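The structure under discussion appears below in the form of structure tokens.
The values are calculated or read from the model by the stated rules, or taken from the named source; none is laboratory data. These numbers were taken from a predicted model, which means no experiment stands behind them. Heads up, the Cβs are rebuilt from the backbone with ideal geometry, glycines too, and the neighbour counts pull from every protein chain shown. What goes into the accessible areas is simple: the full protein's heavy atoms, side chains included, and nothing from ligands, DNA or RNA. Shrake-Rupley method; radii C 1.70, N 1.55, O 1.52, S 1.80 Å.
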Amino acid sequence: MTLRELDLEELKWLHEHELSEAFPPEELKPFAAMEKLCASGLYHPVGAYEEEDLVGYALLWESPGGKYVLIDYLGVTASRRNGGLGGKILALLREKFAHWDGIIVESEAPDGGDHDALRERRMDFYRRCGFTFLDYDCVLFGVHYAVCLCSPSGKGTRDETLEAHQALYRRQFSQWAYDRFIQIPRDPDHPLEPPESWAEQSDLPGLEERKEDNL
């Protein structure tokens, strides 16, 4: 398996044929938002290939100044799921970012509801792949995520991860939008708002535009 960065046409195909099937609307950025992020130079959609066949993907969001990268979306194509390819993609990403301080993942947190078993399995997947869950969570557009880290260089720290995590969203959103829709870290005394749709929010003033994994 090899990784190759996708161009905008390939990303658009992925968005229409894989991401739209794999992720609910409230977790999926509109393609226009991804296009804007790519133009910033800090967003890198990557395809995982076996020979010429696309078998998976990782959409990577680089923190300002580098050193940390957020896996914005991670998945295996619909026809190839449940075959262990997700772990192989993460292993290749650890090699790709071997000299970086941190790979950050936001994984939807258990909330006592019907989907907790699936959410726990996802968290266990990341643990098996060398990620450690940190002592802070986050809330993005009304969705509660646990945050985990893999430090390929061994230099990543909790405080630097938090700073880089905040910087990603502060750079992309207006202060108004950040204060309204984003909590990094989560404030446990602040009630969760209903999940907001990326599509509904993408036209708000100053808002540039966020997912989970299907492995």
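Magnitude of the charge dipole for the chain, about its Cα centre and with charges confined to Cβ atoms of Lys, Arg (+1) and Asp, Glu (-1), is about 720 debye. The heavy atoms of residue 17 offer some 100 square angstrom of accessible surface to a 1.4 angstrom probe. Fully extending the segment from residue 32 to residue 17 would add 3.8 nm, taking 0.36 nm per residue of separation and subtracting the current Cα-Cα distance.
Across 189, 72, the residue with the most accessible area heads the list, and the full order at a 1.4 Å probe is 189, 72.
In whole percent, what relative contact order does the stretch 106-192 give with Cα contacts below 8 Å and a gap of six or more residues? Present the calculation step by step, with values, prior to reporting the outcome.
Numbers: 89 pairs, mean separation 26.6, N = 87.
So the answer I get is 31 percent.
Cross-linked pairs 29/155; 36/96; 12/155: Cα-Cα separations exceed 27 Å for 29/155; 12/155.
State the percentage of accessible surface on the chain attributable to carbon and sulfur atoms; use a 1.4 Å probe and exclude ligands, DNA and RNA.
Working: 4780 of 10060 Å².
Looking at the chain in its full context, I get 48 percent from C and S.
Of the GluC sites (Glu not before Pro) in the stretch 1-93, the ones in a loop by DSSP (not H, G, I, E or B) with at most 13 other beta carbons within 10 Å are 51, 52. The solvent-accessible area of residue 132, taken with every protein chain present and a 1.4 Å probe, is close to 80 Å².
Within the stretch 64-161, DSSP assigns beta bridges of which about 75% are antiparallel (rounded to the nearest 5). Distances between placed amide hydrogens fall under 5 Å for residue 134 paired with 147, 148, 149, all partners being 5 or more residues away or on another chain.
Decide, for the stretch 40-147, between rounded, prolate and oblate: order the square roots of the alpha carbon gyration tensor eigenvalues as a ≥ b ≥ c, take rounded if a/c falls under 1.5, and otherwise choose prolate if a/b is larger than b/c, else oblate. Could you put the intermediate results ahead of the total?
Details: a/c = 1.71, a/b = 1.15, b/c = 1.49.
Because a/c hits 1.5 or more and a/b fails to exceed b/c, the stretch 40-147 counts as oblate.
Rolling a 1.4 Å probe over the protein chains gives residue 127 an accessible area of about 110 Å². Entry note, the stretch 1-135: relative contact order of 18 percent, from Cα contacts under 8 Å with a spacing of 6+ residues. Between the alpha-carbon centers of the stretch 1-24 and the stretch 97-159, tell me the distance in whole angstrom. Cα centres, the stretch 1-24 to the stretch 97-159: 22 Å.
Given charges of +1 on the Cβ of Lys and Arg and -1 on the Cβ of Asp and Glu, with all other atoms neutral, how large is the dipole of the stretch 51-134 about its Cα centre, in debye to the nearest 20?
Numbers: 11 positive and 14 negative charges, 60 e Å.
Rounded to the nearest 20 debye, it is 280 debye.
Straight-line cross-link reach from residue 67 at under 17 Å between alpha-carbon atoms covers these aspartates and glutamates, not counting any fewer than eight positions away in the same chain: 95, 101, 159, 160, 163. Using a cut-off of under 18 Å, list every residue of the stretch 113-127 whose amide N is near the label point 7 Å from the Cα of residue 158 along the Cα-to-beta-carbon line. Counting only backbone N, you get 127.
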